[in-house]
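Any read-out appearing in this document is the output of simple, stated calculations on the displayed coordinates, not a laboratory observation. Bear in mind that the values here come from a model prediction, so they are computed numbers and not experimental data. Here Cβ is always computed from backbone atoms with ideal geometry, including for glycine, and neighbour counts include all displayed protein chains.
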Number of protein chains: 2
Amino acid sequence: MDPAARQALQAAAGAENFSEASTDRLLYAYDATTSWHRPEAVIRAAGTSQISAVLAACTALRVPLVPRGAGSGLSGGAVPMAGGVVLDMSGLNRIIKIDPADQVAVVQPGVVTARLQEAAAAQGLFYPPDPASVGFCTVGGNVAENAGGLRAVKYGVTRDYVLGLSAALADGRVFTTGGANFKDVVGYDLTRLLVGSEGTLAVITELTMRLLPQPEAKATVSALFLDLGQAARAVQAVLASGIIPTACEFMDGACLKAVESYVGLGLPPQAEAMLIVDVDGPPEVVRRQAQDLARILRDRGGQQVQVALEPAEAEALWRARRAVGPAVRTIAPSILNEDVVVPLGRLVTLMAAVHRIGAEHGLPIPTFGHAGDGNLHVNVMYDPSDPAQSQAAHRAVSEVFAVVLSLGGTLSGEHGVGLAKLGYVGARLDPVALELMRGLKRLFDPAGILNPHKAIPGPDILP
Amino acid sequence: MDPAARQALQAAAGAENFSEASTDRLLYAYDATTSWHRPEAVIRAAGTSQISAVLAACTALRVPLVPRGAGSGLSGGAVPMAGGVVLDMSGLNRIIKIDPADQVAVVQPGVVTARLQEAAAAQGLFYPPDPASVGFCTVGGNVAENAGGLRAVKYGVTRDYVLGLSAALADGRVFTTGGANFKDVVGYDLTRLLVGSEGTLAVITELTMRLLPQPEAKATVSALFLDLGQAARAVQAVLASGIIPTACEFMDGACLKAVESYVGLGLPPQAEAMLIVDVDGPPEVVRRQAQDLARILRDRGGQQVQVALEPAEAEALWRARRAVGPAVRTIAPSILNEDVVVPLGRLVTLMAAVHRIGAEHGLPIPTFGHAGDGNLHVNVMYDPSDPAQSQAAHRAVSEVFAVVLSLGGTLSGEHGVGLAKLGYVGARLDPVALELMRGLKRLFDPAGILNPHKAIPGPDILP
C-alpha cells in the first residue's frame, strides 16, 4: 500500500486496528465462494466514528472498501475484487438491547444471527430469519444480502424485520433511518433501500430489528416421492391448502443420493424427491395441520410420510436437509451453486427443465431449496480440471437462467448478486431500472469506493 | 393554461381525456383534507403509453403533475398545490389477473382496494391491507402512501404485499421492477422505494400484489375501561401474551362519547376507553385465543367484555369503531387529524400526554387507532372561526409531535406526509437522510414536476 494511504488509514482506523500482514490479506481474500482477491489491508471496525473516519479517508484516497461480516456469503459479495481495504465488522457484535415492551432488538451489525435468535428467545421473543449459516453469519451480512432462509414462507425475509438503522456513507457522513416503530411513512424508505444493497451504498453501523412472540409449538412432516413431478405438484397442493407452512423444503433424487452416501440415513435409492414441511403456532393447530399436511402429501403420492411433533423427532427428519449442502459438494470437485426463484405456479416447469438441462450436458445438477417461496438452489457439479465439463457447466447455468427468466423468475432469492451473478443482471433488470440503480450508487457513493464491481454491473466510477 | 402547453398536453393525453372545465378543476382541487388548490387541467389516465407521453410533455413544459387515485388521502397528497395537471388514475381500474397458482394479483393502480379483496376472496385468497377507506380508496393510492389499516398488527402494511410494479418516470421513460416472485435480491429495491413515495418519484402504472390464503375463521373481543391507563396497559398485555392479533384497536372516552351521540349504541358515559381485538386463523385457535383475550382484558380491568365468534356479532362490536371517524367530526367544526406512531412500550406515556395536552389547551383531542402497531389517530378539534382556538389547536399538534419524537416515535404511520406534515419532517428525519432523499428526488425527477411540495420539504426544483 502507498505509504501516504497507509498513514492516513492507520490514523483513521487506529494503528491497532490496521493490518497489512500477509496472513490477514489472505484470510480476508475469501468468502464462501471460490472467488478470491487479496485486499491491500484489513481494518477491524471499532465503532461508528472510526468507521466514518476510515470511509472519509478511503473516499479522499480513492481506496476501495469492502465491509465484511462473517464472510459466509455465497455470491462473492465480501471478496475485495478491487483490492483496497476489507472492513471487518465482526468485532461489532454487541446486542445493545432486547426490548420486550417494544418488541425490538437493537444490535451491532457483527452480531451472529443465532446469538440474536437466542437472546430474543431468552425473553420469550422470536427472530424468524433463519439462513442455513445462522450459526456463524452476521445480522449485518444478512441485511446487506437481504438473507432468506428456512422460515421465509410464513415469516418473510430479513428485510421484513429491519425497522431502522444507522449507517455511514462513503464520504464518512453518518445518518439514521427509521426507528423502533412498526409503521413509519415519513420520507422515502432509505431503510429498505439499504437492505440488500450488498455493502455498495453505505456501511451499516447499527440495526433495530422487529421481534415477534415465540410460537407455542412446531411440527415437521416429511415425505419421499418416486417421481419428481409428483413432488413438485405436492408442493403446490401444500401451498394451495390454506395452511401457511413455516418451511416447505425440497430435495431432488441427486441430493438424496449424495446425502445418503455422505451421512447414511437409510434413504431408499429409488426416491426421486423429498419434501419437508414445518408448521408452527398454537399446539392444537400444529397437530391438526401436521395431520392435514401428511394427508395432502400421501394423496399426492408421498411415501414414508412421517409426522414429528417433538423437537428431537423433527430434528431427525431435518437431518437429510441439513446435510445436503456439504453432501452435494462430494459429487464433483466444483460447484456452480445458483439461487433462482420463480413464481410459485411455475415450480413444476422449472424442476423439469433443470433435470433436462443436466441430462443434456451430462452433468449432475442436484437441486434443493425453499420450494414454498419458489426459491431453488440449483447446483451444477463439474470438474474444473476438465475444460469440456467446465464449459458445459457454465452453459448449463446460462440455460437454467434463461428458463428462469422465461418463467418470469429472478436470478437470486437470497444469496445476492455479488460478483457471481453480475454478468447476468442485465438480462434480468429493466434497462431504465438499472440506470436508476446506477444513479443511486452515484448518489450514495460518488467516488465508487464502496464494494466496487458488485451488485449492479458498472460502469464503475472508481478509476 | 398557456395555449402551447394546452396543445402539447391535449396531443399527449388525447383531447377526450383532457379537461379545463371549471367543475373538473374544482372537483380535483381536493382530497380528504381541508387543503385545496385548483389544477389548471385534469387528465384522465388511459394507459401506460399515454401516461408516458403526458409526463414527457409535463417535463418539457415544466408543468407540475399530481397523480391521483380516489382522492381519499388524509395528508393532502393529491392536492395540486403547484397547479398544473391532476392525472386521474381512477379509470385504470382493471384487475388484470388473480393467479391462485402464483398467489398474486396483477392490477392497474386505479382498482378500488375492496374490489381487489373481493376478487381475491372469490378464488379463496386474501388481500390483507384494509384501510378504513377500503370501499373507495385505490390500490395505487395505497401503494403511494404505504397505507396501513386494521390488520397491520398481524399482516403488515401495503408495502409487504407489493412484489413488482411498472411505472413511468417524470421524463416519460417507463420501467418495471420485481415481478411475481416472493424473493428477489437482484439489484437495489426500487419496488419498495416507490412504495410510500407519494407520487413524487414516478407514476405507477401496474402492480403485482402478493395474496395469502384466506384465514379459516375470525373472532372479535371487545372491552370497555373506566380508566385510560388501564386500557393502555391492557393493550400491552395483549401484545405480550404471545397471541398475534389481526387488529388491536383503541378508542378513548372522547371518541366513545362522540360515537354515542352520533349513532347511539348504548355505550356507558363513564367509559374512558374501548378496545377491540380481532384474531383470525383455524377455528379451534380462534376460539381459544378469543377466550384468552377476554380473560386478559378482564384481568386488566376490562368491563362488559364481549366475544363474537360469528361475523354478524363481530360486526356489532365493530360498529363503534367504524363510526368513530365521522363521529369525532361532530365535536367541533374543524379537525387536525394526526397519525402518530410510537414504539409499542411507549403507548401508555403517549396516551397520557395527549390527554394532558388537550386539557391544557381546553380542546377535545379524541384519540383512536391501531394500538397494536403503536399507531394512534390524534384528532385535535377546534373552531377555526375562533383565532385563539385555532392557534391553540396548532400548538397542541406541535406539542403532541414533540412528545412523539421524544418517545422515539414518528409523525405518520399510514397517512403520509403529503402537505399536512411537511413542516414537521425536518424535526423527524436525520438531516443527512433528508439530503439523500432530496438527491433521490432529483435522480427520479430532475425537473421537479411530480407532485411538488409533498413528502419531503424543498428546496423544490420547479421554478
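Structure values in brief
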read-out	value
Length gained when the stretch B:Arg62-B:Val263 is fully extended (0.36 nm per residue, less Cα-Cα span)	67.4 nm
Label point 7 Å beyond Cα along the C-beta direction, distances from B:Gln214 to other copies (nm, shortest first)	3.6
Check: the protein assembly as shown dipole with +1 on Lys, Arg Cβ and -1 on Asp, Glu Cβ, in debye	260 debye
Average beta-carbon neighbours from other chains, 10 Å sphere, peptide A:342-351	4
Helical segments meeting 27 Å axial Cα length and Kyte-Doolittle -1.0 threshold in chain A (DSSP H)	A:387-406
Of A:Thr191, A:Ala232, A:Pro311, farthest towards positive along the dipole that unit charges on Lys, Arg, Asp, Glu beta carbons give chain A	A:Thr191
The stretch B:352-386 versus the stretch B:230-298: alpha-carbon centroid distance in Å	20 Å
Cβ-vector label at 7 Å, A:Ile96, separations to other copies in nm	4.2
Förster radius 22 Å - calculated FRET efficiency between A:Glu313 and A:Glu284 (Cβ-Cβ, nearest 0.05)	0.75
Taking chain B and dividing mean pair separation by its residue count, relative contact order in percent (alpha carbons under 8 Å, at least six apart)	15 percent
At 7 Å out from Cα toward Cβ: B:Leu26 inter-copy label distances (nm, ascending)	8.3
Mean ellipticity per residue at 222 nm, deg cm²/dmol - from DSSP H runs of n ≥ 4 across the protein assembly as shown, formula -39500 (n - 2.57)	-11000 deg cm²/dmol
Least to most buried among A:Ser49, B:Ser72 (fewest other Cβ within 10 Å first)	A:Ser49, B:Ser72
Chain A - charge dipole about Cα centre, Lys and Arg +1 at Cβ, Asp and Glu -1, debye rounded to 20	260 debye
Separation of the B:Glu216 and B:Phe136 label points, Cα + 7 Å toward Cβ, nm	3.9 nm
Length-normalised contact order of the stretch A:95-213 in % [C-alpha pairs under 8 Å, at least 6 apart]	32 percent
Proximal aspartates and glutamates to B:Lys218, defined as alpha-carbon separation beneath 16 angstrom and excluding residues fewer than eight positions away on the same chain	B:Asp130, B:Glu249, B:Asp278, B:Asp280, B:Glu284, B:Asp292, B:Glu310, B:Glu313, B:Glu315
Backbone N under 19 Å from the B:Thr330 label point (7 Å along Cα→Cβ), restricted to the stretch B:268-295	B:268-274
For peptides A:119-125, A:380-386, sequence by mean Cβ density within 10 Å, most packed first	A:380-386, A:119-125
Selection of trypsin sites (Lys or Arg not before Pro), the stretch A:9-116, meeting DSSP coil and at most 14 other Cβ within 10 Å	A:Arg62, A:Arg94
Burial ordering of B:Lys421, A:Lys218, fewest other beta-carbon atoms within 10 Å first	A:Lys218, B:Lys421
Partner chain coverage, peptide A:194-202 - average Cβ within 10 angstrom	3
Sequence-separation-based contact order of the stretch A:232-324, relative, with Cα cut under 8 Å and 6+ spacing, percent	33 percent
Unsatisfied cross-links (Cα-Cα over 18 Å) in the set A:Lys154/B:Lys183; A:Lys441/B:Lys441; A:Lys154/A:Lys183	A:Lys154/A:Lys183
Exercise: per-residue mean of other protein chain Cβ atoms within 10 Å, B:428-435	6
Computed FRET value (nearest 0.05) for B:Lys97 with B:Arg395, which takes r as the C-beta separation and R₀ as 51 Å	0.50
Per-bin percent of Cα-Cα distances, the stretch A:160-278 [5 Å]	2, 9, 14, 12, 9, 8, 11, 12, 11, 8, 3, 1
Listed residues B:Ser390, B:Ala294, B:Gly264: farthest to the positive end of the dipole of the protein assembly as shown (Cβ charges)	B:Ser390
Using a Förster distance of 45 Å, the FRET efficiency for A:Arg298-B:Ala237 (Cβ separation, nearest 0.05)	0.60
Chain A, Cα convex hull volume normalised per residue, Å³	147 Å³
